[in-house]
Amino acid sequence: MRTLRRAAASLTVAASALTGCASVDERGDAAAAVAVRLLTAVQGDDGAGACAVLAPETRAELIDSAGRPCAEAILDENLPGPGPIEATAVYGQWAQVRLAGDTLFLAVFPEGWRVVAAGCTPRPDRPYDCVLQGG
């Protein structure tokens, strides 16, 4: 019974972190870590590692548009290497991570932060233009 209580307490803590009870700074740091993980994996030719942090719709869109497995296709997306983090903003279940040379958008899923769009550049008075994004 004690083990069950500990497991339930651990799940509660993990769920709280994902649902917003963690501080905005902690959530921003977690989102930024996932963004850097994606770009580091791409830079290191680790397509499987990069695909592991993509949101399901983003992964599906990449596979559909490339006609190849995600681990191969993502390496051809010309995403930049990870630069220094310039800013992170968290809006509920969404985050924007700006690095030198790239902006990424993320969302919270049951397994944590996942990249929804990457390789994004701002356009005046228009939405960001993203190299990689979900449908």
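The values are calculated or read from the model by the stated rules, or taken from the named source; none is laboratory data. No experiment lies behind these values; they were computed from the predicted model shown. Please note that ligands, DNA and RNA were not included when accessible areas were found on the heavy atoms of the full protein model with its side chains. Shrake-Rupley method; radii C 1.70, N 1.55, O 1.52, S 1.80 Å.
Rounded to two decimals, the Cα-based Rg/Rh of segment 36-134, with Kirkwood Rh, is 0.94. Taking all protein chains together and rolling a 1.4 Å probe, Thr40 ends up with roughly 70 Å² accessible.
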